[in-house]
Amino acid sequence: MSSSSPATTSGWTTTCGSASEPRPRNSTKRSTAWRPFSKRPALRWHRDTTRGSRVRATVEVEVKLAGSAAELSAAFDDLGGPRPTRERLLTVYYDTPEGHLRRRGFAIRIRSGSGFRELTLKRDEGDGLTRGEWTSRLPLATREDETPRALRLPPDAPVNDLGIADAGALRPTFLTDIERTKKEVRTGDARVEVSLDTGRISAGEREARIAELELELLSGRVGDMLAGARALLEKRRLRIGTRSKAAQGTDLLLGTSPPAVRATRVKLSPADSIDGALAKVVRAASIHVTGNLAPVLETGDPEGIHQLRVSLRRLRSALRFLKPHLGSRAAALNREARRALKRLGPARDLDVFVLETLPPVIEANPRVSALLRLREAAEGRREAALASARKLIRGRRFNRFVLDLLRVAHGGGLVVWDADGPLPKTAKRRLNGRYRSLMKAGSGFDRLTEPERHRVRIALKKLRYACDYSRTLFPGPAVDPYLRRLSALQDDLGRLNDASVARLISQELAAADPLAAAGASRVGDWYGRWAREAEPGLIESWRAFAATEPFW
C-alpha cells in the first residue's frame with residue numbers, strides 16, 4: 001500500500017502516526033495511510049496511582065457465539081430486555097514487530113467511541129472464558145496526530161510480564177471498525193451484557209468481516225450466563241466462538257491460521273478435594289477442546305483433528321477414572337464425548353493414511369499406478385470425512401456439549417460423593433486398578449493377536465492419561481523414567497495400529513474401486529512386512545515397561 005493513499009474503513013480514515021483516531025471523511029486535514037508497524041512517537045509506561053484516577057482492573061468473563069449475521073441478530077432479539085444502545089467503536093491494536101505481546105498472551109489496544117477514548121491491556125487467562133483486563137481513560141484527541149505520551153495503567157497491571165521495557169517499542173498492527181448494539185439482560189441469577197458486533201478487521205491491505213454475539217457476565221454465576229447461551233443454541237443456528245478479535249487480527253496481519261493446541265499439564269495438589277481436582281482436569285479439557293475447533297473449521301488442520309480427539313479422550317479418561325464419585329451429569333458428558341470421538345475418527349484415520357502411511361509405499365513403488373489410484377480415492381474420502389467433522393463441530397448437539405463442559409469447568413457439580421481421606425490415596429487406588437487391567441490385558445504379550453494387542457493399547461492409554469493427571473501427587477525421581485517407558489510403548493503400539501488401519505482402509509477403497517486393488521495389495525504387503533520386522537522391538541518395549549516399578 002502506498003504511503004500516500006488513504007486507508008478508509010467504513011467511512012473513517014485513519015492515520016499511522018497516531019493512536020489512529022477515527023476521522024470523518026469530510027475532514028479537511030491531510031491523511032496518510034494506516035500501515036502495520038508504522039513508526040509513531042515514543043511512549044512510556046506509567047503506573048497511575050493517583051486517587052480518583054479513571055483506571056480499572058477487572059476479570060472479563062464472556063462467551064462468544066458465531067453464526068450468520070441474520071441468526072446472530074435474531075438471537076440478540078430473542079433475549080428481550082430493554083431497548084438496546086448502538087455505538088461505533090474503532091480500535092487500534094499494538095505490538096512490537098517481533099510480537100512480544102502475542103507470544104505472551106497479551107494484547108494492547110486503544111479504543112475510541114462516542115465521547116471516550118481508552119487504553120486497555122488484556123491477558124488471555126487460557127481457560128476459554130476469562131481474560132484479565134486493565135483499562136484507563138485517555139484524553140480525547142483534538143488533533144489527528146495526537147498520541148498519549150504515557151500509557152496509564154492501573155498499579156497492579158502486569159507490565160513486567162510483557163517482555164517490553166519501553167512502551168516506545170510498540171507499533172500499531174491492525175484495527176477493528178465495529179458497529180456494536182448492546183443491552184443488559186438477566187439469565188437466571190446472572191446479569192449479562194449482550195453485544196452484537198458487526199464490522200471488519202483491517203491490517204494493511206487485508207480485510208476480514210466480523211460478526212459475533214458476546215455475552216459478558218456483569219454479576220452472578222458463570223453457569224447461569226452459559227445456560228442463557230445454551231438456550232440461544234436451542235433456537236438458533238449458532239456455534240461457540242473461540243477466537244478473540246486480537247487473535248483474528250493477528251492472523252490477518254501475519255497471513256497465518258489458528259494453530260492446533262496441545263494439552264496443558266494439570267497440576268493437582270495433595271490438598272485438593274475430588275471436586276477440586278476434577279474441576280482442574282475438566283477445565284484443562286475444555287481449553288483443549290475449544291482451542292482446536294477453529295483449526296478444524298478454518299483450515300482442516302490434521303493436527304487440529306488429532307488434538308481435538310486427544311482432548312475428548314483425556315476428558316473421558318478423567319471421567320472414568322473418578323466414575324465412583326460422579327453422577328448423571330458426568331455420564332452425559334462422557335456419552336457426548338464418546339459420540340464426538342466416533343464421528344471424528346474417520347477424518348483422523350484418513351489424515352494418517354494419506355499423509356503418513358501411504359507416502360512411503362508410493363515412494364518405494366513410484367511406477368505402480370494402482371497406488372496413485374488408491375491415493376486419489378483416499379483423498380476423496382478424506383475430504384468427505386473432514387466435511388463430516390466440520391458438520392459435527394457446527395452442529396447444535398456438539399455445541400451444547402461444549403457449553404455444558406464449560407459450565408462444569410467453571411461451576412463444578414459433577415461430584416456427588418467426595419472421597420474419604422486424601423486425594424493421593426484415592427488416586428493410588430484408581431491407578432492400581434488401571435495398572436492391573438493393563439497387565440492382565442498384556443499377559444503373554446509375545447503371543448497376543450493383533451486385536452488383543454489393540455486392547456492392550458487402549459488399556460495403556462487409560463493408564464497414561466491417569467498418570468498425566470496424577471503425577472504431581474507423587475513427586476519423586478521415579479516419575480519421569482516410568483512415563484518415558486510408558487510413552488515409548490504407547491508410540492510403538494500406535495504405529496502398529498496405524499499399520500492395521502492402513503491395511504483396512506486400503507481394502508475398503510479397493511472394494512469400491514477395483515482399479516485400486518493392486519495398490520491395496522502393495523500396502524498390505526508393505527505393512528505386513530513392517531509389522532514382522534517391528535515385532536522384536538515391540539516385545540522388548542513391553543518387557544522394559546513391565547519391569548519398571550510404578551511411581552505411585
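Tabulated data for the structure shown
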{"quantity": "Stokes-Einstein diffusion coefficient of the stretch 345-480, Kirkwood radius over Cα pairs, 20 °C, 1.002 mPa s, in µm²/s", "calculated": "109"}
{"quantity": "Acute angle (nearest 10 degrees) that the helix 423-441 long axis makes with the longest principal axis of the chain, alpha-carbon atoms", "calculated": "40"}
{"quantity": "For the stretch 482-552, radius of gyration divided by Kirkwood radius, i.e. Rg to Rh on alpha-carbons", "calculated": "1.18"}
{"quantity": "Nearest-20 debye value, the chain charge dipole, Cβ charges on Lys, Arg, Asp, Glu", "calculated": "860"}
{"quantity": "Per-bin percent of Cα-Cα distances, the stretch 310-388 [10 Å]", "calculated": "17, 32, 21, 17, 10, 2"}
{"quantity": "Acute angle (nearest 10 degrees) that the helix 222-235 long axis makes with the longest principal axis of the chain, alpha-carbon atoms", "calculated": "80"}
{"quantity": "Angle between the chain longest axis and helix 274-291 axis [Cα atoms, degrees, rounded to 10]", "calculated": "80"}
{"quantity": "Distribution of pairwise C-alpha distances over the stretch 274-546, 5 Å bins, in %", "calculated": "1, 5, 11, 14, 14, 15, 14, 11, 7, 4, 2, 1, 0, 0"}
{"quantity": "Mean shadow area of the stretch 281-427 over all directions, Cα convex hull, nm²", "calculated": "10.5"}
{"quantity": "Vicinal HN-Hα couplings computed from phi for the stretch 382-393 (Karplus, 6.51 cos²θ - 1.76 cosθ + 1.60; Hz; Gly/Pro x)", "calculated": "5, 4, 5, 5, 5, 4, 5, 5, 5, 4, 4, 5"}
{"quantity": "Cα-Cα separations in the stretch 399-443 greater than 17 Å, expressed as whole percent", "calculated": "59"}
{"quantity": "For Arg171, distant residues with modelled amide H under 5 Å away", "calculated": "Asp95, Thr96"}
{"quantity": "Descending Cα extents along the principal axes, the stretch 71-193, whole Å", "calculated": "47, 38, 28"}
{"quantity": "Cross-link table Lys64/Lys280; Lys122/Lys342; Lys235/Lys462, entries beyond 26 Å C-alpha to C-alpha", "calculated": "Lys122/Lys342; Lys235/Lys462"}
{"quantity": "The chain, relative contact order [Cα under 8 Å, separation at least 6], %", "calculated": "13"}
{"quantity": "Reduced Cα scattering model of the stretch 142-271, Debye log10 I(q)/I(0), q = 0.13, 0.16 Å⁻¹", "calculated": "-0.91, -1.22"}
{"quantity": "Stokes-Einstein diffusion coefficient of the chain, Kirkwood radius over Cα pairs, 37 °C, 0.692 mPa s, in µm²/s", "calculated": "124"}
{"quantity": "Cα coordinate range in the stretch 402-532, projected on the principal axes (Å, largest first)", "calculated": "63, 40, 23"}
{"quantity": "Where Rh is the Kirkwood radius over Cα pairs, Rg/Rh for the stretch 246-368", "calculated": "1.10"}
{"quantity": "Cβ-based exposure ranking for His454, His288, in which fewest neighbours within 10 Å come first", "calculated": "His454, His288"}
{"quantity": "Alpha carbon Rg of the stretch 154-231, scaled by the compact-globule rule 2.2 N^0.38 Å", "calculated": "1.52"}
{"quantity": "Whole-Hz ³J(HN,Hα) from phi, Karplus 6.51 cos²θ - 1.76 cosθ + 1.60, for the stretch 464-479, glycine and proline x", "calculated": "4, 5, 5, 5, 4, 5, 9, 4, 6, 7, 10, x, x, x, 7, 5"}
{"quantity": "Additional length obtainable on full extension of the chain from Ala165 to Glu207, 0.36 nm per residue less Cα span", "calculated": "12.0 nm"}
{"quantity": "Debye, to nearest 20: dipole size of the stretch 274-546, +1 on Lys, Arg Cβ, -1 on Asp, Glu Cβ", "calculated": "1280"}
{"quantity": "Net length gained if the chain between Arg400 and Arg329 were fully extended (0.36 nm per residue, minus Cα distance)", "calculated": "24.2 nm"}
{"quantity": "Linear extension gain, Ser388 paired with Glu303, 0.36 nm per residue minus alpha-carbon span", "calculated": "28.9 nm"}
{"quantity": "Separation of the Lys235 and Arg103 label points, Cα + 7 Å toward Cβ, nm", "calculated": "4.7"}
{"quantity": "Rg in Å to one decimal, and Dmax rounded to a whole Å, for the stretch 361-416 via C-alpha atoms", "calculated": "20.8, 63"}
{"quantity": "Spread of Cα-to-Cα distances over 5 Å intervals beginning at zero, given as percent, for the stretch 196-271", "calculated": "3, 11, 16, 16, 15, 17, 12, 7, 3, 1, 0"}
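Computed from the coordinates by the stated procedures, all read-outs in this text should not be read as laboratory data. Quick caveat: nothing in here was measured; it's all calculated off a predicted structure. In this analysis, Cβ positions are derived from the backbone assuming ideal geometry, glycine residues included, and neighbour counts consider all displayed protein chains.
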